[in-house]
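Throughout, read-outs are computed from the coordinates displayed, never taken from laboratory work. From a predicted model like this one, the values you see are computed outputs, not experimental measurements. Every residue, glycine as well, gets a Cβ built from its backbone with ideal geometry; the counts of neighbours run over all protein chains shown.
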Amino acid sequence: MADKPTLYLESTIPSYLTARPSRDVVVLAHQEITREWWKRYIDRYEVYVSEVVFSEVARGDPGAARLRVETIQGFPVLQVTEDIRELARVYLREIPLPSQGLADAMHLALAAWNEMDYVLTWNCRHIAGGRVKRRLAEINPILELRTPTICTPEELL
C-alpha cells in the first residue's frame, strides 16, 4: 500500500472542530463538515502541525484553548527554522497577505518547505484564497519548492 499523503493542519481546523455550534449558518456548516472530515477521513492522511499551530490554538478562553491543544497533541510537530522564517518573509513580500499575516506566511512556508501534499484550512481569505494560491504556484517553482494543495475539509470529503 502506498504511503499516506501528508497534510499540514492549519489552526482553523482544530478551532472549528472543538468550538460550540455557531449561530452563523455558514460557520455552523463549516463546523459540521470539519467534524465529518475528522471522523471519516483523517486516518487517510499523515497529519502534521507546527509550533505556530500550537501557539495559535493555545490563545483565548482557557477551556476552549485546552480542547484545541488536546485535539492536536498526538501529531508530529514541524519546527520553525531560520530557512522557514526567511521563506515566510519572502511570502509576506510577494503574496497578497495582510501586513500582520506573519502566522499565515509561516503556515505556508512550513508546508512548502516540508513538502506537504496538502494544507487543510478554513482561512479562505489569507491562506486558501485564489490570489494566494496563484502567487504560491508562481513563486515556489522559482524557489525550487513544491506547492502543496491548499484546501478546506469540504474539498477533501
Next item on the list: Have a look at 55, 11, 99 and tell me which one the Gaussian network model of the chain (Cα, springs below 10 Å) gives the largest fluctuation.
Entry: 99
Check: Put +1 on the Cβ of each Lys and Arg and -1 on the Cβ of each Asp and Glu in segment 8-87; which of 80, 50, 18 then has its Cα farthest toward the positive end of the dipole?
Finding: 18
Item checked: the chain: Cα Rg divided by the 2.2 N^0.38 Å rule of thumb -> 1.00
Notebook entry, point to check: Dipole magnitude of the chain about its Cα centre, charges +1 at Lys/Arg Cβ and -1 at Asp/Glu Cβ only, in debye to the nearest 20?
Noted result: 460
Next item on the list: Using a cut-off of 15 Å between beta-carbons, work out the net charge of the residues near residue 3 (Lys and Arg +1, Asp and Glu -1, residue 3 not included).
Entry: -2
Check: Any idea what the relative contact order of segment 25-91 is, in percent, if you count C-alpha pairs under 8 Å spaced at least 6 apart?
Finding: 33
Next item on the list: Quote the relative contact order of segment 6-156 in percent (integer), defining contacts as alpha-carbon pairs under 8 Å separated by 6+ residues.
Entry: 28
Margin query: Please list, ordered by chain and number, the residues whose modelled amide H lies under 5 Å from the amide H of residue 78; skip anything fewer than 5 residues away on the same chain.
Written below: 49, 50, 51
Margin query: Over the chain, with a Gaussian network built from C-alpha contacts below 10 Å, which listed residue (33, 84, 142) shows the highest mean-square fluctuation?
Written below: 142
